[in-house]
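**Student:** The structure that follows is given in the form of structure tokens.
The values are calculated or read from the model by the stated rules, or taken from the named source; none is laboratory data. Everything numeric in this text was worked out from a predicted model, so none of it was measured. Every residue, glycine as well, gets a Cβ built from its backbone with ideal geometry; the counts of neighbours run over all protein chains shown.
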Amino acid sequence: MKLTNKNNLDGVFCSNMEHYMNKRMVDISDLNAEYSVTQLLSPLTIAVLFKRHKDEISKDVSDCLYLLQGLVVHQLMENSVYDGKIPITKKVENQILDSLSKIKDNYPDISKDIMRALKDTGLFCDESEDLLLEKPLVIELNGVRISGIPDVYDKKTKTLLDYKHPGIKSAERNMQSYFMQTNIYRYMLQKNGYPVDKIDIVLFYRDWAKAKTLSEINYPKSAIETVNVPIMSDKEVHDFLYERINTIKAYESEHILPPCTEEERFQDPIKYAVVRPGNKKASKICSSQEEAISYIEGKGWKNAYTEIRESEPKRCISYCDVNTFCDFYHDYMRKRQEKNQPF
């Protein structure tokens with residue numbers, strides 16, 4: 001994925017985001033997997049278009065604020081584990097040892113000495129023996145390699161922790177997807193020798209407002225909430241992955257892809273407004289044409305009429321990384337321009 005900077009934002013911020021994105025892509029590419037867990041859980045058309053155009057996709061750094069906030073949360077969790085020090089992972093250690101291979105024959109103990117010296121500075125430390133933090137994993141299913149990066153796995157308690165930073169409505173809408181994602185991670189951890197007895201999702205609500213806890217019954221009582229995830233059987237996860245991979249593969253060579261559903265597009269159902277001539281606002285918003293007509297007849301209004309109120313596909317317009325390549329998106333935008341509808 002390429003990062004752009006259309007608004008000429010601070011260079012340090014942009015450099016950090018670019019560094020993270022590149023590192024993430026390298027970590028994933030090193031796994032040599034055909035699909036990631038995130039891809040498999042995406043709507044069908046998005047999954048196909050992402051795989052087809054992954055080297056052409058671009059994202060502006062100004063759209064990465066929520067990503068940055070999520071990164072901060074993850075970094076804070078890592079800092080608490082390592083007391084602010086930089087862990088020397090096995091991968092980094094191997095890279096250091098490889099770079100010393102040319103002089104290792106003349107100084108056989110130099111590798112150990114350098115690793116010891118790095119840790120003696122107080123800036124570096126060994127990886128945690130009890131926790132796996134964002135450890136890249138891969139499994140193979142019928143010859144297809146799948147990659148995933150769980151947030152935290154506690155070896156002592158056999159607990160998988162997943163940190164998310166959603167809006168409250170987004171969390172409600174995506175909770176079942178969260179459950180499936182973390183169960184796939186559990187399945188992958190188990191296949192890699194790490195049994196999981198418990199899964200918790202820690203939600204950091206980015207739009208939480210304390211005042212709403214007093215007026216809305218089902219509103220989260222805290223800005224940070226932990227949700228325990230029901231554990232699925234291995235067969236359920238295996239069958240989901242098998243079916244999902246086969247479905248995506250069936251469409252990879254298709255030129256015409258099915259549009260995402262209204263739910264996947266974050267698009268509310270069509271509403272029908274009851275309007276009376278001379279009134280600026282609708283008298284009533286109904287869920288169906290029949291309901292609107294019945295309301296008019298019940299009121300005995302002879303000159304009232306109905307208007308169709310369509311909502312925007314919010315994901316397509318603002319949150320989809322592959323909309324540039326999507327026929328539905330282009331068709332929607334064309335029709336909108338023909339109607340001269342503003343955003």
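**Student:** Considering only region 256-273, I want to know if a residue exists there that is of a type in the set (G, A, S), surrounded by fewer than 18 Cβ atoms within 10 Å (Cβ to Cβ) and assigned to a loop (DSSP other than H, G, I, E, B).
**Tutor:** Kept after step one, since they are of a type in the set (G, A, S), are these residues of region 256-273: 273.
Narrowing further to those that are surrounded by fewer than 18 Cβ atoms within 10 Å (Cβ to Cβ): 273.
Then keep just the ones that are assigned to a loop (DSSP other than H, G, I, E, B); that gives none.
No, that holds for no residue.
**Student:** Of everything in region 45-54 that's modelled with pLDDT of 95 or more and under 15 Å from the mean Cα position of the chain (by Cα), which residue is surrounded by the fewest Cβ atoms within 10 Å (Cβ to Cβ)? Don't jump to the end; show me each part of the working.
**Tutor:** So in region 45-54, the residues modelled with pLDDT of 95 or more come out as 45-49.
Applying the additional criterion that residues be under 15 Å from the mean Cα position of the chain (by Cα) yields 46-47.
Working: I46: 21, A47: 24.
Filtering region 45-54 for residues that are modelled with pLDDT of 95 or more and under 15 Å from the mean Cα position of the chain (by Cα), the one surrounded by the fewest Cβ atoms within 10 Å (Cβ to Cβ) comes out as I46.
**Student:** Next question, about the same structure. Just checking, does region 227-236 include any residue being closer than 30 Å to D327 by Cα, at pLDDT 95 or above and assigned to a helix (DSSP H, G or I)?
**Tutor:** Scanning region 227-236, I find no residue that is closer than 30 Å to D327 by Cα, at pLDDT 95 or above and assigned to a helix (DSSP H, G or I), so the answer is no.
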